[in-house]
Structures are given as structure tokens and as C-alpha cells.
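Report on the following structure.
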């Protein structure tokens, strides 16, 4: 194994050069390197750079309630379209009940609802079940598979929307991960205002355009006489405290193609928007049929504007006016562009790490690496002399390769990640200790120096690989199932184990092989 093969020498030189080239951007000021040189730098995590931490919970209960409400309206619409008389339509627990007035039409209603409600599942069938009950009742409910899939999908979609919103704020390298079944961890390095972060990512931003029901008087509202297909919504437009609007939305925020901060004819802050083809057609038809009537622009269950339709709006664009400031108009446009959250988010925990505290953590981490490295170098050199120096050189290359690999992949370095680096150096030394102690055993058994050195590498290699494979498995498990600091530790540990095996075995092997060739040694310097 000590033969100085050309491929070994080339591989060692390339790995050392790789580590040096990709580590260098982290050691010099930004822009100091020529344009042709790599510019990637390590991204510092929340605990090293400072920033905000949020633990959010997706409100799956609200999602289920909304889906049941929409399904109830679908039942109402389908039955009304076929002119079937019914009563008692409402939600009971997780099911919807309705009574068909004409007993001769129960079977027809069952067939209608069974064929038209819900969506088809990949496994076959539909995501809702429709069944008859005594006394001309029909019960509609979501199947458990569909309910669970909807909750899981809501979490996945929420993560993507949160990522888009944070990216739009200019925050670099946010860490957004799922925790458990319905929780999301958000770490935003450099974002020192968690309230600003919550206002942007925590707002559902569900936008709908709904017709105002002008037939409901103020007396009806005061008496609570709201038609079953209407909703009473609070208002933020400053003209009326509440509005009665139709439950069925004319156009939804999913039909928007763009949104941006703008100004109205009075130069007041507003939000300009554009619809896609479906939204343009639908909005044009509804406005053409309701000229002279008001419609409501509803955001998260509150009316932000209720303009009157003066003419058909067929161009597919318009502006939303209201009590906006320049900043609030910009934030609303950002939310609309990134899409509505499928369910509300509840803040479970929030923390803020100041920039000064992050700088202290960087300083402490640097000191820990320096002290740890110095102690390791002292131990290995005092214990094994010249071969200890070779191991120390391999450790330096190992460090360069770890930082270079993390810089190349734009990985995020965290405080636990620094602990992982220190642990990696110890693991690398452990491999050298196994090799050198095996060499001593072989010399004591009567082998010549070079043969003992060669046997030390070959016979210790199996033990080294076994020990490091188990560490790799542990790192993969921690990265897969952990979150936040655990992931940072697992990432550096995974990279470090691979580089440490490479440097401890191959680099020291090449250096020791060169030493034997250059000095024709008859004895090992570690005895």
C-alpha cells in the first residue's frame, strides 16, 4: 500500500488544491479575489450571524373546517341547479347532512352528489363518500385518506409559499424545515425583526372577489337575518363596519398572475393586479351582469374595499384601493404574488439572536477550533514524532477540504456545525492512531520497518471503515430526522467523516511512502 502510485500523488495534490482554492474566499475580503477564482463563501447560520427563529403550526383544524364549508356550498349549488327541494343542510362534526324534501327524488339526489362532488383519488374512487340515511337524509363526508392527504399537502405547500415570501424579503439562505406532522421551523439569518417576519409569512393572504348582497338591509343584519348563502364580513374600508357578501367567490387569488404596489387617481397607495385568462373571463362576465352593484375585495375574511361596478371590466387588470401606506401596499402585493397559504399559521415559538451575539458565537467557535486543533496536533506529534507531523499535515488538508466542500455547496455553518468540525478532527486522529499502533504491533512481531508500515495501513483499514460507516449512518439519520442545530451538526459530521478517512489514510500513506523512498529508513520513528 505504500507504493507511490501516480494516481495517489495526483489525487492528494488535487484534493489539497481543491481545499485551498475553495477555502480562500472565506479568508479574504469579498471581492479581493480575481473574477476567474471561485467566490463562494460559507453561509453563517442563525446562531452565528444573528436573525429570527419561528416555530409555526399549520392550523389543520381550520383547513378541515374550510373544506367542509366549501363542500356544503357545493351540495347546495348542485341541488339548486337540479331544482331539488331540500332542508336541514349543515355540518355536524366532520360530516354534512341534508334532507331531500321529495322522497321520490332521494335516489336521484344521491346519484347526483355521488357523481359530481369531490375529486378523484389516485387509488380510485372519489375523496368524498355520499350515503343515504333514514328519513330522506343524505350524508356527505371526506374519506380519511383524503383528509390526511390534504393536511400533508397543506404543510408542503405552506413551506414553499413561506420560502417564496422570505426570498422576496431579500433574506439569504433561510432554513425552512418541517417538524413533526404539522409544524414548520423557520430560521432567517440576518432578519432581526421577528414581527416583520411574522407579518409577511404568517398572513394567510387569501384574496377573493365576492358580490355584495344589496338585498339584505341594515335591519336584517341587526336582527341576524342573513341568508344561508351569504356571509357577514367585517370591513376595513372605512365606509361601513360590515358587508353582507355571497359565499361563492367570483374570482380567487389563485387566478392572479401579478401584483405590485401602485397608486390610484388621487396618488394614494394601492395595489395593481392582473388575472389569468380564466380569471379575466369570469370577472368580465360577472361585472357585465352586475353594473351598478358593489362587489367586495376580501382579504383573509375582511373586506378591504367594496367599489361599485360602473362598467364591465374585461381587461383582466385593475387596482385595489383602501387604507394603504406605501409599505403595506408593497407587502400586500408581495403576499398576493407568492400565493395564499392553504391554512392559517399559528406561532408556537419565536426567538431572536442579535448580530453581536452571533459575532460572539463566531469568535467562540473560532477559538474552540484553534484550541482543539492545537491540542490534537500536540498529542499526535508528541506521541508519534515525524509520523505525527504527517498526521498533522493531513489534518490541515482535512480542514481545508471540509470548508471548501461546504463553500462549494453553499452549505450553512452553524455553531453545532463547528462542534462537528472539532469532532471530525478527533475522528481523523483516531484513524491515524489505529494505523500507527498497528505499525508498532507489527514491528514488535518482528517485521521490518517498511513491511510493518504497509501492514499498519492494510490491517487497520477495515476497522477504520467499519467505525466511520457507523458514524456516517448516524449522521444521515440525524440530518434526515433532526432539525435546526441537529442538521447543522450532522452535515459537518457527514462531510468531515468522508474527508477524514481520505486524508488519514491516503495523504499520510503518500507522505510516509515518500519518506521511506527519500531516506531509505530501516526503523520507524514511532517506536
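Does residue 365 count as assigned by TED's automatic domain parsing to the domain that holds residue 432, surrounded by 14 or more Cβ atoms within 10 Å (Cβ to Cβ), within 29 Å of the chain's Cα centre (by Cα) and not in a loop (DSSP other than H, G, I, E, B)? So residue 365 passes the test. Restricting attention to the stretch 237-262, the residues that are touching a strand residue (DSSP E or B) at 6+ places or on another chain (Cβ under 6 Å) and within 24 Å of residue 313 (Cα to Cα) total 18.
Restricting attention to the stretch 206-233, the residues that are in contact with a strand residue (DSSP E or B) (Cβ under 6 Å, 6 or more places away or on another chain) and touching a residue at least 40 places away in the same chain (Cβ under 8 Å) add up to 7.
Being surrounded by fewer than 22 Cβ atoms within 10 Å (Cβ to Cβ) and under 28 Å from residue 521 (Cβ atoms) is a condition met by at least one residue of the stretch 489-503.
The number of residues in the stretch 279-299 that are surrounded by fewer than 16 Cβ atoms within 10 Å (Cβ to Cβ) and touching a strand residue (DSSP E or B) at 6+ places or on another chain (Cβ under 8 Å) comes to 2.
Among 54, 71, 89, which is the only one that is under 35 Å from the mean Cα position of the chain (by Cα), assigned to a strand (DSSP E or B) and in contact (Cβ under 8 Å) with a residue 24 or more places away in the chain? Of the residues listed, the single one that is under 35 Å from the mean Cα position of the chain (by Cα), assigned to a strand (DSSP E or B) and in contact (Cβ under 8 Å) with a residue 24 or more places away in the chain is 54.
Exactly one residue among 169, 197, 121, 207 is at pLDDT below 85 and either assigned by TED's automatic domain parsing to the domain that holds residue 361 or closer than 30 Å to residue 294 by Cα (or both), and that residue is 207.
A single member of 181, 259 is modelled with pLDDT under 85 and assigned to a strand (DSSP E or B), and it is 259.
Within the stretch 164-173, does at least one residue satisfy the condition of being more than 14 Å from the chain's Cα centre (by Cα) and part of a strand (DSSP E or B)? No, there is no match, as no residue in the stretch 164-173 is more than 14 Å from the chain's Cα centre (by Cα) and part of a strand (DSSP E or B).
The residues of the stretch 385-431 that are more than 16 Å from residue 369 (Cα to Cα), surrounded by fewer than 24 Cβ atoms within 10 Å (Cβ to Cβ), under 29 Å from the mean Cα position of the chain (by Cα) and in contact (Cβ under 8 Å) with a residue 40 or more places away in the chain, listed by number, are 405, 407, 408, 410, 411, 412. Return yes when residue 150 is more than 30 Å from residue 86 (Cβ to Cβ) and in contact with a helix residue (DSSP H, G or I) (Cβ under 9 Å, 6 or more places away or on another chain) and no when it is not. Taking the combined requirement at face value, the residue does not satisfy it.
Residues of the stretch 41-58 that are at pLDDT 85 or above and touching a helix residue (DSSP H, G or I) at 6+ places or on another chain (Cβ under 6 Å): 58 alone.
Is there a residue being in a helix (DSSP H, G or I), more than 33 Å from the chain's Cα centre (by Cα) and loosely packed, with under 13 Cβ neighbours inside 10 Å anywhere in the stretch 235-242? There is no residue in the stretch 235-242 that is in a helix (DSSP H, G or I), more than 33 Å from the chain's Cα centre (by Cα) and loosely packed, with under 13 Cβ neighbours inside 10 Å. Residues that are modelled with pLDDT under 80 and in contact with a strand residue (DSSP E or B) (Cβ under 7 Å, 6 or more places away or on another chain) within the stretch 334-350 comprise 336, 337, 340, listed in sequence order.
Set side by side, the residues 11, 24 differ, and just one is surrounded by 15 or more Cβ atoms within 10 Å (Cβ to Cβ), touching a residue at least 12 places away in the same chain (Cβ under 8 Å) and out of contact with any helix residue (DSSP H, G or I) (no Cβ under 8 Å at 6 or more places or on another chain), which is 24. For the stretch 254-276, the set of residues classified as free of Cβ contacts under 8 Å to residues at least 12 places away in the same chain and either buried (at least 17 other Cβ atoms within 10 Å of the Cβ) or on the phi < 0 side of the Ramachandran plot (or both) consists of 263, 265, 266, listed by residue number. Among the conditions (1) within 23 Å of residue 332 (Cβ to Cβ); (2) at pLDDT 85 or above, residue 307 misses just one, which is (2).
Scan the stretch 439-462 for residues that are in contact (Cβ under 8 Å) with a residue 24 or more places away in the chain and farther than 17 Å from residue 508 by Cα and the total you get is 2. Taking the stretch 305-340 as the range and being crowded, with 21+ Cβ neighbours inside 10 Å and in a strand (DSSP E or B) as the test, the residues that pass are 305, 320.
The values are calculated or read from the model by the stated rules, or taken from the named source; none is laboratory data. Keep in mind that this is a model prediction, so the values were computed, not measured. All Cβ positions, even for glycine, are placed from backbone atoms using ideal geometry, and neighbour counts span all protein chains on display.
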